[in-house]
Amino acid sequence: MKTRDITLMAVMLALLIICSQISIPMWPVAITLQTFAVLLIGMLLKPQEALIVTTFYTILGLVGLPVFSGFSGGINSFLSPSFGFIVSFIPASHVTSLLSRKSNSSLKQFIIAGIVATIVIYAIGVPYLGFILNLVLNLSKSVAQIMQIGMTPFLIGDSIKLIFASLVAVRLTKIVRLNYRPL
């Protein structure tokens, strides 16, 4: 791994941490710019680098550094209703990276990769949210209620973040991928 790659990974990690703090508090999951950062990480980094950045972010938060939304962190984050979304960033960034490299990284390809990654985020985050709400907090929420709490309020914003990340990636990809050979 070259110094340039490590530097770009550090910049993307910093972007994820910053985007985690730009939030609108809601219960049980805040609206943040994290998904924008995760999508951009996948669109701009190589698959293994995207995995490293999002895994490192998760580990930093779990060991107590205040990198999660609202400057939170620590092992208790594992019991947070939003933790499933944080964990989902790891496979979502990897999938985005893999799919972003299947062609010439056009806007269409980035949007398709972002849609798949968003599905991965919801597929992991929403069931985890339901698990925490029902089995840990004993709130007895139905599947429909969990979807209404953990997905519905986020669909429009996540769609906007996906399009914006795709547009930014199209502009930055030539700069970031200099001397990079696709898989």
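Here are the numbers:
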read-out: Candidate set: segment 33-49, residues that are over 10 Å from the mean Cα position of the chain (by Cα) and touching a residue at least 12 places away in the same chain (Cβ under 8 Å); chosen: the one most open to solvent (accessible area, probe 1.4 Å); value: Lys46
read-out: Number of the exception - Arg4 against (1) in a helix (DSSP H, G or I); (2) at pLDDT below 95; (3) open to solvent by 40 Å² or more (accessible area, probe 1.4 Å); (4) under 30 Å from Leu135 (Cβ atoms); value: (4)
read-out: Scan of segment 135-145 for residues that are without any contact (Cβ under 8 Å) to a residue 12 or more places away in the chain and part of a helix (DSSP H, G or I), ordered by number; value: Leu135, Ala144, Gln145
read-out: Members of segment 101-124 that are of a type in the set (S, T, N, Q), in a helix (DSSP H, G or I) and either farther than 13 Å from Thr35 by Cβ or out of contact with any helix residue (DSSP H, G or I) (no Cβ under 9 Å at 6 or more places or on another chain) (or both); value: Gln109
read-out: Only one of Thr58, Thr54 that is touching a Phe, Trp or Tyr at 6+ places or on another chain (Cβ under 9 Å), surrounded by 22 or more Cβ atoms within 10 Å (Cβ to Cβ) and at pLDDT 95 or above; value: Thr54
read-out: Unmet criterion (only one of (1) over 13 Å from the mean Cα position of the chain (by Cα); (2) assigned to a helix (DSSP H, G or I)) for Val29; value: (2)
read-out: Pair list, Cβ under 6 Å, 6 or more apart: segment 151-162 residue closer than 15 Å to Leu40 by Cβ, other residue open to solvent by 60 Å² or more (accessible area, probe 1.4 Å) and of a type outside the set (Gly, Ala, Ser); value: none
read-out: Ile18 open to solvent by 50 Å² or more (accessible area, probe 1.4 Å), farther than 21 Å from Val120 by Cα and modelled with pLDDT of 95 or more; value: yes
read-out: Members of segment 115-126 that are more than 17 Å from Ala165 (Cβ to Cβ) and open to solvent by 20 Å² or more (accessible area, probe 1.4 Å); value: Ala123, Ile124
read-out: Segment 21-32 - residue that is farther than 18 Å from Phe164 by Cα and open to solvent by less than 50 Å² (accessible area, probe 1.4 Å) and, of those, modelled with the highest pLDDT; value: Gln21
read-out: Candidates Val53, Val63, Val11, Val38 - the one that is out of contact with any His (no Cβ under 9 Å at 6 or more places or on another chain) and within 18 Å of Val126 (Cα to Cα); value: Val38
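Matching residues to (1) open to solvent by less than 40 Å² (accessible area, probe 1.4 Å); (2) at pLDDT 95 or above:
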| position | (1), (2) |
| --- | --- |
| Val67 | yes, yes |
| Gly70 | no, no |
| Leu107 | no, no |
| Ala113 | yes, yes |
| Tyr128 | no, yes |
| Thr152 | no, no |
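The values are calculated or read from the model by the stated rules, or taken from the named source; none is laboratory data. As the structure is a computational prediction, the values presented were derived from the model and not from experiment. Positions of Cβ are generated from backbone atoms using ideal geometry, with glycine treated the same way; all protein chains shown enter the neighbour counts. Just the protein is used for accessible areas: all its heavy atoms, side chains included, with ligands, DNA and RNA removed. Shrake-Rupley method; radii C 1.70, N 1.55, O 1.52, S 1.80 Å.
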